Amino acid sequence: MEVGAGDVVSFEGNGLYRVDRVEVTENRRIEAVRVDPVVYRPGRIEDQPPVQAAFIAPAPVYPLFLDLPLMTGDEVPHAPYVAVSANPWPGPVAVYSDAGIGEFELNSVISDRAVIGETETELAKADTGIVDRGEALQVRLASGALRSRDWAAVLNGANRLAIGSASTDQWEVLQFSDAELIGSDTFLVKNRLRGQFGTDAIMPDVWPVGSKVVLLDRAVGQITLSANLRNMAQSYRVGPAKMSIDSSSYSKMDFAFSGAGLRPYAPCHLRVSQTPEGDQITWIRRSRIGGDSWELPSVPISEEVENYQIRVLAGGVIKRDVVSNTSSWIYTDAMKSADEITEEYRIEVAQLSAVYGAGGWAVLDV
């Protein structure tokens, strides 16, 4: 049998061999390697060839910075929050901040997409401490969904919603029990608790159409801010963590935060009564820390000392501005005469913080 290099031959009982080399001298010398027949069978052809996924460039993310009050008591009082959305969601989002020397450093990493939307109807001012059963607030969400919760869950902190403007640090925190889906990503928010956590003091007469709303769940977290950088403008860059900070997918903004977690609540039950000396103004303080106990005779002061700023206004002009260390003050007839107060006037009272300054203002027209 004539064989050459590359031939596959069979030896009886010993399988197949591939001939690698043949030497022909007085005797024929063959070098061969045993092979498996499966090597020579045709490979399986896939029904469909693999398709490479199309490349999708990371889209710019949409961040909202929120200066919010203390809600659980475990927060850093002066540190702001950030909520981020994007379509499509790029995965972890990085927040860089200017360290004050023209260089950006990684501040925080946001893992989850926040529930962010806009109002499509107005929301009028309402009383606090009772359920606001007024007209439903219609909101359209860019991502996520809202759901109804029972009142036991709401009173324990569920369904917190911040409403405000992206260009200011004035955010009202409200809660709601009912959310009704009425269209694509569109909900009616009903049965609300307004001005929660002292935000009644910054509630406007009307939140207009186009106001921003953010569901305050675990997707919304605080970023790092040094206490000495309160009220100082900082530059921020927010974008996909997998991209470089100079990528077009990064959003750029500058913000200064006052630290709403340090803001004293506005006093409540502001009243006036007549005395022989003049008008006696009284009020009851509120506390931003530890004010929920029913066992204490009064709520804690929560500040270094108890002080209140009192302003008297007439015709929109401040006539008198004083400080009191007690929760009452007498606007004497002599003061009225000196201030040329002959008809009605307005009293404004705010608790003072040594760190924040005047907190929310309680207002009474006399």
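The values are calculated or read from the model by the stated rules, or taken from the named source; none is laboratory data. As the structure is a prediction and not an experimental result, all values here were calculated from the model. Heads up, the Cβs are rebuilt from the backbone with ideal geometry, glycines too, and the neighbour counts pull from every protein chain shown.
Of all the numbered requirements in (1) farther than 21 Å from residue 226 by Cα; (2) in contact with a Gly (Cβ under 8 Å, 6 or more places away or on another chain); (3) hydrophobic (A, V, I, L, M, F, W, C), residue 158 misses one, and that requirement is (2).
Does residue 66 count as modelled with pLDDT of 90 or more and either more than 30 Å from residue 172 (Cα to Cα) or touching a helix residue (DSSP H, G or I) at 6+ places or on another chain (Cβ under 9 Å) (or both)? In short, yes.
A single entry from 206, 214 fulfils the requirement of being surrounded by fewer than 17 Cβ atoms within 10 Å (Cβ to Cβ), within 21 Å of residue 66 (Cα to Cα), among the aliphatic types (A, V, I, L, M) and modelled with pLDDT of 95 or more: 206. For the stretch 312-352, the set of residues classified as more than 20 Å from residue 276 (Cα to Cα) and surrounded by 19 or more Cβ atoms within 10 Å (Cβ to Cβ) consists of 349, 350, 351, 352, listed by residue number.
Any chance the stretch 327-336 includes a residue that's of a type in the set (D, E, K, R), in contact with a Cys (Cβ under 7 Å, 6 or more places away or on another chain) and in contact (Cβ under 8 Å) with a residue 24 or more places away in the chain? Within the stretch 327-336, none of the residues are of a type in the set (D, E, K, R), in contact with a Cys (Cβ under 7 Å, 6 or more places away or on another chain) and in contact (Cβ under 8 Å) with a residue 24 or more places away in the chain. Note on the stretch 145-173: residues that are within 14 Å of the chain's Cα centre (by Cα), surrounded by fewer than 18 Cβ atoms within 10 Å (Cβ to Cβ) and more than 27 Å from residue 254 (Cα to Cα) total 0.
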